[in-house]
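Student: The structure's right below; bear with me while I get my questions together.
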Amino acid sequence: MRKSAIGLVVAGVAASLVLSACASSKKKTDNTTAPPGGSSTTAGGALDGKGTKVGIILPDTQSSQRWVTSDPDALGAECKKVNLNCDIQNAQNDAAKMKTIAESMESNGIKVLMIVNLDSASGAAIEKEAQAKGITTVDYDRLTLGGGAAFYVSYDGVAVGKAQGEALTKCAQVQGKPAVNYVDVNGAPTDNNATLFKQGYDSVLQTQAGWKKLDDQSIAKWDNTVAGTTFTAMLRAHANLNAVMVANDGMANSVIASLQNQGLAGKVAVSGQDATAQGLQHIMDGTQCFTIYKPSTQEAIPAIDSIVKVVNGQVPTTTGTTKDTQTGKDVPSILATPIPITKANVAQPINDGYTPKSQVCTGKYAALCTSNGVK
């Protein structure tokens with residue numbers, strides 16, 4: 001990922017939008033044109049999507065709580081605010097279902113389709129089908145390699161991974177140790193985000209003096225149960241572990257359960273990501289060192305606001321580009337900055353309203369929430 005000159009960004013986005021809008025029209029007729037330009041704001045200066053239909057498909061409900069509440073809530077609120085008619089659905093970890101949902105949305109007249117792919121192959125097929133119907137496609141959170149989206153909105157994946165790696169090196173369980181044995185439990189091998197996260201934390205951990213990686217496994221579909229069984233096998237093979245680089249909180253929860261079974265919870269440094277309720281509880285009780293907080297509003301608001309510009313024939317403002325390693329093209333991107341969460345600031349996602357207090361501060365965690373500054 002790199003910053004690009006404003007002129008290049010504008011040109012790149014404009015070209016992407018024109019291509020996506022006209023992909024099928026060239027096959028059907030020669031007199032179809034791109035959407036006419038217009039104002040994306042009302043007389044009072046507020047963004048106005050003019051009731052345009054937009055389809056949004058989220059990936060699943062098991063890999064992270066964000067897809068259940070945080071993101072649909074943030075996306076829906078911004079759609080309402082800017083007068084877009086958004087149909088937000090979840091594919092339930094089923095690529096065939098995502099395709100069916102997309103085709104239904106297309107039949108219902110959407111002008112823009114935004115997806116969080118389950119894998120790049122199925123996602124690219126969905127995007128190309130939409131583009132062939134003159135629908136602009138947008139990648140949300142995960143870049144669809146080979147999909148040709150007009151633009152991409154996410155957190156900087158490499159920066160997320162680097163933040164994870166740097167935070168792991170500061171965990172109490174590894175501080176001051178001349179030698180640290182660790183393993184990687186990565187996200188899905190078909191998820192480009194997982195690739196970027198790994199690129200980031202590997203760049204940190206592989207340069208640490210005395211740190212030795214004993215195993216490295218990727219978990220299909222970010223499956224928490226598989227992550228648990230995979231890590232249990234790692235632990236049996238390497239009883240001298242000091243740290244576990246786990247890509248997200250859901251899988252970290254399974255890793256911690258395995259460590260608890262061996263009386264090692266809290267003695268081995270465990271990472272995470274997503275600021276889930278369980279992740280924050282584990283940070284409070286000392287069994288997880290940190291998580292990575294990615295407020296949904298930092299993706300949802302710029303994504304929806306940019307779609308308003310698209311439907312009004314305008315070019316969204318982007319912050320840089322992300323390389324599609326399949327096509328070699330630079331995809332115009334809006335990338336947010338992640339926030340590491342340790343015990344020192346564990347209250348932040350709760351006090352921000354991102355992670356529901358009612359899900360975190362229950363039972364024994366009620367007192368821990370109070371002592372850790374939860375309001």
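Student: Here is a list of conditions, (1) in contact (Cβ under 8 Å) with a residue 12 or more places away in the chain; (2) closer than 30 Å to G165 by Cβ; (3) out of contact with any Cys (no Cβ under 9 Å at 6 or more places or on another chain), and A347 meets all of them except one; can you say which number that is?
Tutor: Of the numbered conditions (1) in contact (Cβ under 8 Å) with a residue 12 or more places away in the chain; (2) closer than 30 Å to G165 by Cβ; (3) out of contact with any Cys (no Cβ under 9 Å at 6 or more places or on another chain), the odd one out for A347 is (3).
Student: If S218 satisfies every condition in (1) touching a strand residue (DSSP E or B) at 6+ places or on another chain (Cβ under 6 Å); (2) surrounded by fewer than 18 Cβ atoms within 10 Å (Cβ to Cβ); (3) of a type in the set (G, A, S) but one, which is the exception?
Tutor: (2)
Student: To continue, here is another question. I'd like to verify a number: residues in the range 283-325 that are closer than 25 Å to N248 by Cβ, polar (S, T, N, Q), touching a helix residue (DSSP H, G or I) at 6+ places or on another chain (Cβ under 7 Å) and in a loop (DSSP other than H, G, I, E, B), how many?
Tutor: Of all residues in the range 283-325, those closer than 25 Å to N248 by Cβ come to 283-304, 319-320, 322-325.
In the following step, the residues that additionally are polar (S, T, N, Q) were identified as 287-288, 291, 296-298, 319, 322, 325.
Restricting the remaining residues to those that are touching a helix residue (DSSP H, G or I) at 6+ places or on another chain (Cβ under 7 Å) gives 287-288, 291, 296-297.
Right, trim to in a loop (DSSP other than H, G, I, E, B) and you get 287-288, 296.
Within the range 283-325, residues that are closer than 25 Å to N248 by Cβ, polar (S, T, N, Q), touching a helix residue (DSSP H, G or I) at 6+ places or on another chain (Cβ under 7 Å) and in a loop (DSSP other than H, G, I, E, B) number 3.
Student: Scan D60, D87 and give me the residue that is at pLDDT 50 or above and closer than 23 Å to N193 by Cα.
Tutor: After ruling out the rest, the residue left standing is D60.
Student: Then there's this: Taking A239, is it surrounded by fewer than 18 Cβ atoms within 10 Å (Cβ to Cβ), of a type in the set (A, V, I, L, M, F, W, C) and not in a helix (DSSP H, G or I)?
Tutor: For A239, the condition - surrounded by fewer than 18 Cβ atoms within 10 Å (Cβ to Cβ), of a type in the set (A, V, I, L, M, F, W, C) and not in a helix (DSSP H, G or I) - is met.
Student: Restricting to the range 212-245, give me the number of residues that are touching a Lys or Arg at 6+ places or on another chain (Cβ under 9 Å) and among the hydrophobic types (A, V, I, L, M, F, W, C).
Tutor: Number satisfying all stated conditions: 1.
Student: A further question follows. Looking only at the range 330-337, decide whether some residue is β-branched (V, I, T) and surrounded by 18 or more Cβ atoms within 10 Å (Cβ to Cβ).
Tutor: yes
Student: Report whether or not A275 is surrounded by 20 or more Cβ atoms within 10 Å (Cβ to Cβ), touching a Ser or Thr at 6+ places or on another chain (Cβ under 6 Å) and either among the acidic types (D, E) or under 22 Å from K198 (Cβ atoms) (or both).
Tutor: Against the criterion (surrounded by 20 or more Cβ atoms within 10 Å (Cβ to Cβ), touching a Ser or Thr at 6+ places or on another chain (Cβ under 6 Å) and either among the acidic types (D, E) or under 22 Å from K198 (Cβ atoms) (or both)), A275 qualifies.
Student: Looking only at the range 343-363, decide whether some residue is part of a strand (DSSP E or B) and open to solvent by less than 50 Å² (accessible area, probe 1.4 Å).
Tutor: No, because not a single residue in the range 343-363 is part of a strand (DSSP E or B) and open to solvent by less than 50 Å² (accessible area, probe 1.4 Å).
Student: Could you check how many residues of the range 110-123 are out of contact with any strand residue (DSSP E or B) (no Cβ under 7 Å at 6 or more places or on another chain) and either open to solvent by 10 Å² or more (accessible area, probe 1.4 Å) or more than 13 Å from Y140 (Cα to Cα) (or both)?
Tutor: 5
Student: Please determine whether any residue of the range 259-269 is under 16 Å from the mean Cα position of the chain (by Cα), touching a residue at least 24 places away in the same chain (Cβ under 8 Å) and under 25 Å from A367 (Cα atoms). Give the derivation first.
Tutor: Going residue by residue through the range 259-269, those that are under 16 Å from the mean Cα position of the chain (by Cα) are none.
Scanning the range 259-269 turns up no residue that is under 16 Å from the mean Cα position of the chain (by Cα), touching a residue at least 24 places away in the same chain (Cβ under 8 Å) and under 25 Å from A367 (Cα atoms).
Student: Name the residue that is least open to solvent (accessible area, probe 1.4 Å), counting only residues in the range 155-174 that are under 19 Å from G328 (Cα atoms) and of a type outside the set (D, E, K, R).
Tutor: If we take residues in the range 155-174 being under 19 Å from G328 (Cα atoms) and of a type outside the set (D, E, K, R), then G157 is least open to solvent (accessible area, probe 1.4 Å).
Student: Follow-up question, since we're still on this one. In the list S254, S296, S258, which residue meets the criterion of being out of contact with any Pro (no Cβ under 8 Å at 6 or more places or on another chain), closer than 30 Å to K50 by Cα and surrounded by fewer than 24 Cβ atoms within 10 Å (Cβ to Cβ)?
Tutor: Going through S254, S296, S258 in turn, just one is out of contact with any Pro (no Cβ under 8 Å at 6 or more places or on another chain), closer than 30 Å to K50 by Cα and surrounded by fewer than 24 Cβ atoms within 10 Å (Cβ to Cβ): S296.
Student: How many residues does the range 171-199 hold that are in a loop (DSSP other than H, G, I, E, B) and either without any contact (Cβ under 8 Å) to a residue 12 or more places away in the chain or in contact with a helix residue (DSSP H, G or I) (Cβ under 9 Å, 6 or more places away or on another chain) (or both)?
Tutor: The qualifying residues number 8.
Student: Ok, one more. Can you tell me which residues in the range 128-160 are part of a helix (DSSP H, G or I) and either modelled with pLDDT under 95 or within 18 Å of the chain's Cα centre (by Cα) (or both)?
Tutor: G157, V158, A159, V160
The values are calculated or read from the model by the stated rules, or taken from the named source; none is laboratory data. In this text the structure is predicted, and so the values were computed from the model without any measurement. For neighbour counting, all protein chains shown are included, and Cβ atoms are generated from backbone atoms with ideal geometry for every residue, glycine included. Each accessible area value is taken on the protein alone, full model and side chains, heavy atoms only, with ligands, DNA and RNA left out. Shrake-Rupley method; radii C 1.70, N 1.55, O 1.52, S 1.80 Å.
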